[in-house]
Amino acid sequence: MSLNSGSKYPNRRAYVLKMRGDARPGEFAGRLENLVTGQSREFVSGSELLDSIARDLVATTAEQPNEPKDIKP
């Protein structure tokens, strides 16, 4: 039996996504804000939105020490 000490959905990876009023399907525009850090990024396309999330995930991974994901008794 293994015990996972981390949350499947950690708060550090929680975001608020605000779409601009003139955004349309296929023409995303808005702002993404990390709820824990307060850091926000504006985007004008779906690929920029995904890039913003990816950069934040890379930063999160770099901040965390290498810890085992499972603790076995």
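Throughout, read-outs are computed from the coordinates displayed, never taken from laboratory work. Since the model is a prediction, treat every value here as computed from it, not as a measurement. All Cβ positions, even for glycine, are placed from backbone atoms using ideal geometry, and neighbour counts span all protein chains on display.
Of note:
- Taken one residue at a time, the phi angles of region 42-58 give Karplus couplings (6.51, -1.76, 1.60, θ = phi - 60°) of 8, 9, 10, 7, x, 5, 5, 4, 5, 4, 5, 5, 4, 4, 5, 5, 5 Hz. Gly and Pro are set to x.
- The packing ranking, built from the mean of other Cβ atoms within 10 Å per residue, places the peptides 42-54, 20-32 in the order 42-54, 20-32, highest first.
- Residues of region 46-61 with amide N under 16 Å of a point placed 7 Å along Cα→Cβ from M19: 46-50
- Near Y15, the amide H atoms lying under 5 Å from its own belong to L35; only residues 5 or more places off or on other chains count, and H is placed 1.01 Å from N.
- Evaluating 6.51 cos²θ - 1.76 cosθ + 1.60 at θ = phi - 60° for every residue in region 26-41, the Karplus couplings come out as x, 10, 5, 7, x, 9, 10, 10, 7, 5, 7, 8, x, 5, 10, 9 Hz, glycine and proline recorded as x.
- FRET efficiency, 1/(1 + (r/R0)^6) with R0 22 Å, evaluated for D51 and E27 via beta carbons: 0.85
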